[in-house]
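Asker: Handing you a structure now.
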Amino acid sequence: MIKKGDLCVKVLDVKGINMNFFTEDGELEVLDNISFTVNKGEIVAIVGPSGSGKTTILNVIAKLLTPVSGEVEINGEIGYMFQRDHLLEWRTIWHNLLIGLEIKHQKTPQQCEKVENMLRKYQLYDFRNRYPKELSGGMRQRIALIRTLAIDPEVLLLDEPFSSLDYQTRLMVSDDVYKMIKNENIAAILVTHDISEAISMADKIIVLTQRPASIKNIHKIKLTIEGEKTPLKARTAKEFREYFDIIWKELNDNEKKHY
Ligand code: ADP
Ligand code: MG
């Protein structure tokens, strides 16, 4: 069991995960001894080459896949936000937000009030009776996040949540999403192939090798920032470039060179 202490409360413990897929061409080794921990309120980014096994790690944590060996310890609920926002186009924003609670039979007045408060806090309340198609991509992602937060997750899993957004929107939305995660003080795992995004948002970055993914390195991110950290401000920190170069190098050591 994960022990609760005052400082550095561990909310997730991933221990020695190995994962294989059985395909028509035989056995595909995907994860090789993946171990890491996530503390309360911490954002952990996972970066790795495309097809290395990032989504598979999230699916194992979410218990959608059973690993060949290893285990995942978690105390509370998992909130999973996918690459696409999966909002239902025929439901209003408000009714989209309640889906998770309905499925879990937790649609209590208190939980509804919590969702309503988040809508107000993040300036989306006026859109509650609109339909998803009336909202911008960035707003949709923030709605998807509120929906995920509605079930009070202990750990949030974010699988390349900004990849469908254009660059400008991406920067704005990652700022908003960062604030929301830190405000609600929950732990998050952010899968991304964007090194800058990882450095700007994460407290810790896990760098994966090519498939079968093993952990190449784990970086604790410490940036010099005046005042409160935001991902946009983080990009101007003097250490940013240094982290970028190191992680870039680690990722490209893996890459098979085709040119
Ligand atoms: P990433 O998210 O890092 O791009 P994935 O975790 O989605 O990578 O996939 C890792 C590897 O496992 C890929 O080669 C992919 O084709 C393969 N894979 C993923 N899911 C399955 C599955 N259900 N069956 C067989 N192979 C799979
Ligand atoms: Mg993926």
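Asker: Based on DSSP H runs of at least 4 residues, each adding -39500 (n - 2.57), what is the mean residue ellipticity at 222 nm of the chain after dividing by all its residues, to the nearest 500 deg cm²/dmol?
Answerer: The helix-only estimate for the chain comes to -10000 deg cm²/dmol at 222 nm.
Asker: Ignoring ligands, DNA and RNA, what percent of the accessible area of the chain is carbon or sulfur (1.4 Å)?
Answerer: Answer for the chain: carbon and sulfur cover 50 percent of the accessible area.
Asker: Right, something else. If you look at just the Cα atoms of region 108-227, how large are its Rg and its Dmax in Å?
Answerer: Final numbers for Rg and Dmax: 15.9, 47 Å.
Asker: For region 204-220, what does the Karplus curve 6.51 cos²θ - 1.76 cosθ + 1.60, with θ = phi - 60°, yield as ³J(HN,Hα) per residue in whole Hz, taken in order and with x for Gly and Pro?
Answerer: 8, 10, 9, 9, 9, 7, 5, 4, x, 5, 10, 7, 7, 6, 10, 10, 8
Asker: Rolling a 1.4 angstrom probe over the protein heavy atoms, how many square angstrom per residue are accessible across region 39-146?
Answerer: Accessible surface, normalised per residue, equals 49 Å².
Asker: If you build the Cα gyration tensor of region 147-192 and take the root of 5 times each eigenvalue, what three semi-axes come out, in whole angstrom, biggest first?
Answerer: Equivalent ellipsoid semi-axes, largest first: 19, 12, 9 Å.
Asker: At most 13 other Cβ atoms within 10 Å and a DSSP loop assignment: could you name the trypsin sites (Lys or Arg not before Pro) in region 163-259 that fit?
Answerer: Of the trypsin sites (Lys or Arg not before Pro), the ones in loops of region 163-259 whose Cβ has at most 13 other Cβ atoms within 10 Å are LYS222, LYS238, LYS256, LYS257.
Asker: May I pose another question? Separation of region 65-88 and region 104-163 by C-alpha centroid, Å?
Answerer: Comparing the Cα centres of region 65-88 and region 104-163, I get a distance of 18 Å.
Asker: Restricting to DSSP loop positions (anything but H, G, I, E, B) with no more than 15 other Cβ atoms inside 10 Å of their own Cβ, which trypsin sites (Lys or Arg not before Pro) remain in region 119-162?
Answerer: ARG130
Asker: Using mean Cβ contacts within 10 Å as the protection proxy, how do 89-97, 108-116, 68-76 order, highest first?
Answerer: The most tightly packed comes first, giving 89-97, 68-76, 108-116.
Asker: Considering only the chain, what is the antiparallel percent among its DSSP beta bridges, to the nearest 5?
Answerer: 50
Asker: Just need log10 I(q)/I(0) for the chain at q = 0.11 Å⁻¹, Debye formula, equal scatterers on the alpha-carbon atoms, no solvent, rounded to two decimals.
Answerer: -0.63
Asker: What helices in the chain pass both tests, a Cα length along the helix axis of 15 Å or more and a mean Kyte hydropathy of -0.5 or higher, using whole DSSP H runs?
Answerer: 137-149
Asker: Over all pairs of distinct alpha carbons, what does the Kirkwood formula give as the hydrodynamic radius of region 19-75, in Å?
Answerer: Mean inverse Cα-Cα distance, inverted, gives 12.7 Å.
Asker: Quick query: amide H of ILE43 versus all other amide H atoms, modeled in the peptide plane; which residues come in under 5 Å with a sequence gap of 5 or more or a different chain?
Answerer: ALA188, ASP203, LYS204
The values are calculated or read from the model by the stated rules, or taken from the named source; none is laboratory data. Small disclaimer: the values here were computed from a predicted structure and weren't measured. Glycine gets a Cβ as well: all are built from the backbone with ideal geometry, and neighbour counts include every protein chain shown. Note: accessible area is taken over every heavy atom of the protein model, side chains too, but ligands, DNA and RNA are not part of it. Shrake-Rupley method; radii C 1.70, N 1.55, O 1.52, S 1.80 Å.
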